[in-house]
Amino acid sequence: MKTTQKENYLLIENEAESLTDFTSEITRNEELFKDKNVVVDLRKHQGIQREHFLGFLEISNFHRNSNNSFVIISDAISIDELPDELIVVPTLQEAEDMIQMDEIQRDLGF
């Protein structure tokens, strides 16, 4: 797992082969970024299935309940196939835009 601190979020990239191991590693280390907006970059992975994304559901809910954003970057699946609790976008720019919109909504009290 590779992490890079950006201006208003932490970018996390998978350096392992297995997405299941990566999901487990993020869950085990969530204390390290529990108070940060998180972007998980899965663009390197092809053929990701719905089940792989669902592995991020618990940590996504945890972040949203803590008033932080959790965004996944991937174009491997249609967002219509995923629960509304998961925010999946195809590009880094869209992930940054989602975090910015979330922060504005939180500042306005939504």
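Values in this text are rule-based calculations from the coordinates and carry no lab data. Given the structure is predicted, the values throughout are model-derived calculations rather than measurements. Positions of Cβ are generated from backbone atoms using ideal geometry, with glycine treated the same way; all protein chains shown enter the neighbour counts.
Here are some notes:
Yes/no matrix, rows are residues, columns are (1) touching a residue at least 12 places away in the same chain (Cβ under 8 Å); (2) closer than 14 Å to residue 71 by Cα; (3) exposed (fewer than 13 other Cβ atoms within 10 Å of the Cβ):
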{"position": "12", "(1), (2), (3)": "yes, yes, no"}
{"position": "16", "(1), (2), (3)": "yes, no, yes"}
{"position": "25", "(1), (2), (3)": "yes, no, no"}
{"position": "28", "(1), (2), (3)": "no, no, yes"}
{"position": "33", "(1), (2), (3)": "yes, yes, no"}
{"position": "37", "(1), (2), (3)": "yes, yes, no"}
{"position": "42", "(1), (2), (3)": "yes, yes, no"}
{"position": "60", "(1), (2), (3)": "yes, yes, no"}
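- Every listed requirement among (1) surrounded by 14 or more Cβ atoms within 10 Å (Cβ to Cβ); (2) out of contact with any strand residue (DSSP E or B) (no Cβ under 9 Å at 6 or more places or on another chain) is met by residue 87 save one, (2).
- Residue under evaluation residue 8, criteria (1) more than 15 Å from residue 98 (Cβ to Cβ); (2) in a loop (DSSP other than H, G, I, E, B), criterion not met: (1)
- Filtered residues of the stretch 14-60 (kept if touching a strand residue (DSSP E or B) at 6+ places or on another chain (Cβ under 9 Å), part of a loop (DSSP other than H, G, I, E, B) and either of a type in the set (Lys, Arg) or closer than 17 Å to residue 82 by Cα (or both)): 36, 42, 43, 44, 56
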